[in-house]
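Working notes for the structure below.
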Amino acid sequence: MPYGKYKDRALCDLPEHYLVWYKQKGFPQGKLGRQLGLMYEIKLNGLEYIFKELRRK
């Protein structure tokens, strides 16, 4: 995350409540907004395990 309370954290490490807040507020424009929206959908659907597999490689 490039700014805010969670600055310098990987997007996949953002807490779900923060992504829900952003969803309600509105994701920012551009690439970051699309990435946050994708992270929201991944966490909403319980697919976080994907990141554990990727981190092993």
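Read-outs throughout are calculated quantities, based only on the coordinates presented, and are distinct from any laboratory measurement. Just so we're clear, the structure is a prediction, and the values are computed from it rather than from any experiment. With ideal geometry, Cβ positions are generated from the backbone for all residues, glycine too; neighbour counts draw on all protein chains shown.
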Inset, instruction - Measure of size requested: the Rg and Dmax of the chain, with Cα atoms as the atom set and Å as the unit; please supply both. - result: 11.3, 35
Legend entry - the chain: most fluctuating residue of 44, 11, 19 per GNM, C-alpha cutoff 10 Å: 44
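Restricting to DSSP loop positions (anything but H, G, I, E, B) with no more than 12 other Cβ atoms inside 10 Å of their own Cβ, which chymotrypsin sites (Phe, Trp or Tyr not before Pro) remain in the chain? Each step should come with its number before you reach the end.
Working: sites: 3, 6, 18, 21, 22, 40, 49, 51; in loops: 3, 6.
Those satisfying the criteria are 3.
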Inset, instruction - Quote the relative contact order of region 1-45 in percent (integer), defining contacts as alpha-carbon pairs under 8 Å separated by 6+ residues. - result: 34 percent
